[in-house]
Structure formats: structure tokens, C-alpha cells
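The values are calculated or read from the model by the stated rules, or taken from the named source; none is laboratory data. It should be emphasised that the depicted structure is a prediction, and the values quoted were computed from it without experimental measurement. Glycine gets a Cβ as well: all are built from the backbone with ideal geometry, and neighbour counts include every protein chain shown.
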Amino acid sequence: MANNELYKNIGAKRIVVGASYGLRDWMAQRVTAILMALYTIVVLALFLTGTRFTYEAWSGVFAMQWFKLLTFTVIVALLVHAWVGMRDIWMDYVTHSVVLRLLFQVASIVWLIVSAGYAAQILWRV
């Protein structure tokens with residue numbers, strides 16, 4: 001009977017605790033990494049097939065609306081990628097103080113939003 005009591009919380013009836021968003025975060029990291037890798041290949045192809053490496057030539061590439069949208073999409077993917085990583089760092093290593101962890105997370109969110117706004121401003125200024 002003692003053995004039965006010991007194992008009653010194991011199996012399908014066990015209550016799983018935690019945030020349970022590990023798979024979603026893992027997928028977000030992989031999808032954003034693939035998107036950034038594909039963008040890198042596109043930019044590398046543009047660089048290798050180009051003949052003029054001047055400011056005007058690169059401004060022309062970034063002046064195209066589709067390339068601005070693609071670049072901003074990759075910037076958002078980078079920011080999501082950074083958020084998942086930073087949030088995990090704050091949750092794993094700043095566990096002693098909930099207030100401190102929340103402060104770091106809010107600061108990270110503010111920094112990422114400001115970075116997205118700055119990136120948009122730079123892209124649409126070209």
C-alpha cells in the first residue's frame with residue numbers, strides 16, 4: 001500500500017505545473033532564426049551579384065518598398081527572437097526577486113519596442 005501511495009501522482013492524472021509555453025517559445029526561436037537566415041541569404045545574393053558598392057546603390061536596394069517590408073519583418077523577427085531569449089534569461093537567473101525580474105522584463109520590452117520604432121524610422125527615411 002505504501003508503494004501505491006508513492007506513485008499515485010505519476011502518469012496521466014498528474015497535474016503539470018508551470019507556464020507550459022516551452023514548445024511555443026522553441027518554435028518561435030526556430031522560425032525567427034530561419035527567417036533571419038533566409039534574409040541573410042537574400043542580402044548576400046544582392047551583394048554578390050551587384051557591381052556597384054556605393055551608398056547610392058545600396059540606397060536603391062533599400063528604397064524598394066518590398067525590400068523595406070522584408071527588412072522590417074526580419075527586424076521584428078529579430079526582436080521576437082531576442083525577447084524569447086531575454087525573457088528566459090530573466091526567468092532562469094533572476095528568480096530570487098519577482099519585482100527585479102519584472103523590472104528587467106519591462107525594461108527589455110521597452111527597449112525592444114523603441115528599437116522597432118527606430119528601425120522603422122531608419123528604413124522609411126531612405
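In the set F104, F67, F72, only one residue is in contact (Cβ under 8 Å) with a residue 24 or more places away in the chain, of a type in the set (F, W, Y) and surrounded by 13 or more Cβ atoms within 10 Å (Cβ to Cβ); that residue is F72. Scanning segment 11-23 finds no residues that are modelled with pLDDT under 90, small (G, A, S), more than 25 Å from the chain's Cα centre (by Cα) and closer than 21 Å to G117 by Cβ. Of all residues in segment 90-114, those satisfying the criterion of being among the polar types (S, T, N, Q) and under 21 Å from V80 (Cβ atoms) are Q105, S108.
Between T51, T32, the distinction of being polar (S, T, N, Q) and touching a Leu at 6+ places or on another chain (Cβ under 8 Å) belongs to T32 only.
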